[in-house]
Amino acid sequence: GAGVSQSPSNKVTEKGKDVELRCDPISGHTALYWYRQRLGQGLEFLIYFQGNSAPDKSGLPSDRFSAERTGESVSTLTIQRTQQEDSAVYLCASSPRTGYNSPLHFGNGTRLTVT
Amino acid sequence: GNSVTQMEGPVTLSEEAFLTINCTYTATGYPSLFWYVQYPGEGLQLLLKATKADDKGSNKGFEATYRKETTSFHLEKGSVQVSDSAVYFCALSDRDTGFQKLVFGTGTRLLVSP
């Protein structure tokens, strides 16, 4: 079946512009996560959605970052007034259920370059 | 806070060689431990996991044992293949959090030559 789909696969933007990244999770997956990976670093947790519950935003690095998800469908991650340090690969993952043992299914990521 | 440290790569091996990729962790609680793999052009996927001390996770010929005394979860394979070339990520999750707020290492690239 279809996996997690992210778009765009690559995005180059100028410093100060806003960008929106999209994630289509696997159908029926209730949990959705955003991570990012900056060059030479491990993946950093950003935000977690579970159904209609309030999201866990504890990993968002600043108030320029926000994310939305309606129910168990598509999620968008928005970065306002982008900075060069926002350059990274942004990864989305979904999971069929919550809990620390639930497997995560990752998309191929969006590579964001801020010039 | 929780953290994961992996050996730096790339690790370059010939086909049929023995593989070890070291991973150590720091955690305040009793984490679950994972290895994820990213093949070229694909998303990360779960390779194996272990949820408590002395558990051994295994998949596709890879193994890793949860060692609480040494806070390690080293990945091993007895005979690597060219198709194993990928980036391997060690990760942990804190069960107290209630969900998979995974903490990842930086990844180790494995290159296997024929």
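Throughout, read-outs are computed from the coordinates displayed, never taken from laboratory work. Being a predicted model, the structure only gives us computed values, none of them experimental. Every residue, glycine among them, receives a Cβ derived from its backbone with ideal geometry; neighbour counts consider all protein chains shown.
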Explain nothing, just the number: relative contact order of chain A, from Cα pairs under 8 Å at least 6 residues apart, as a whole percent. 37 percent
Between segment A:4-57 and segment A:61-115, what is the separation of their alpha carbon centroids in Å? 1 Å
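According to the Cα gyration tensor, what semi-axes, each the square root of 5 times an eigenvalue, does the equivalent ellipsoid of segment A:1-59 have, listed from largest to smallest in whole Å?
On the way: eigenvalues 97, 51, 33 Å².
In descending order, the three semi-axes are 22, 16, 13 Å.
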Packing-ranked peptide list from A:50-58, B:5-13, highest mean Cβ count within 10 angstrom first, is B:5-13, A:50-58
To the nearest 20 debye, what charge dipole does chain B have about its Cα centre, counting +1 at the Cβ of each Lys and Arg and -1 at the Cβ of each Asp and Glu? 260 debye
Relative packing of peptides A:14-23, B:73-82 - highest average C-beta neighbours within 10 Å first: B:73-82, A:14-23
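Averaging sequence separations of C-alpha pairs under 8 Å and six or more residues apart, then dividing by the length of segment B:1-89, give the relative contact order as a whole percent.
Working: 175 pairs, mean separation 29.0, N = 89.
Computed value for segment B:1-89: 33 percent relative contact order.
Can you give the average number of partner chain beta-carbon atoms within 10 Å of each beta-carbon in peptide A:30-41, as a whole number? Don't skip to the answer; put the middle values down first.
Values: counts 0, 2, 0, 4, 0, 4, 0, 5, 0, 0, 3, 4.
Per residue, the average neighbour count from other chains is 2.
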Per-residue Cβ neighbour rank within 10 angstrom, fewest leading, B:20, A:110: B:20, A:110
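Take A:78, A:70 and order them by how many other Cβ atoms sit within 10 Å, fewest up front. Please report the intermediate quantities before stating the final value.
Working: A:78 13, A:70 10.
In order of increasing Cβ crowding within 10 Å: A:70, A:78.
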Mean other chain Cβ within 10 Å across B:101-107 is 6
With springs only between Cα atoms under 10 Å, which of B:14, B:93, B:85 fluctuates most in a Gaussian network model of chain B? B:14
Assuming 0.890 mPa s and 25 °C, estimate D for segment B:20-114 with Stokes-Einstein, Rh taken as the Kirkwood radius over Cα pairs, in µm²/s. 181 µm²/s
Which of the lysines could a cross-linker span from residue B:52 if the Cα-Cα distance has to be under 27 Å and same-chain partners fewer than 8 positions apart are dropped? B:60, B:68, B:77, B:101
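Ranked by Cβ crowding within 10 angstrom, fewest neighbours first, how are A:27, A:66, A:75 ordered? Don't jump to the answer; show the numbers that get you there.
Details: A:27 10, A:66 14, A:75 23.
With the sparsest Cβ surroundings first, the list reads A:27, A:66, A:75.
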Cα centroids of segment B:74-96 and segment B:1-15: how far apart, whole angstrom? 9 Å
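Where Rh is the Kirkwood radius over the Cα pairs of the protein assembly as shown, the temperature 37 °C and the viscosity 0.692 mPa s, what D in µm²/s does Stokes-Einstein return? Please report the intermediate quantities before stating the final value.
Values: Rh = 18.1 Å.
Here the translational diffusion coefficient equals 181 µm²/s.
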For peptide A:102-112, what's the mean number of Cβ atoms from other chains within 10 Å of each residue's Cβ? 4
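Largest first and in whole Å, give the semi-axes of chain A's equivalent ellipsoid, each being the square root of 5 times a Cα gyration tensor eigenvalue. Show your work: numbers first, answer last.
On the way: eigenvalues 106, 40, 34 Å².
Semi-axes (√(5λ), whole Å): 23, 14, 13.
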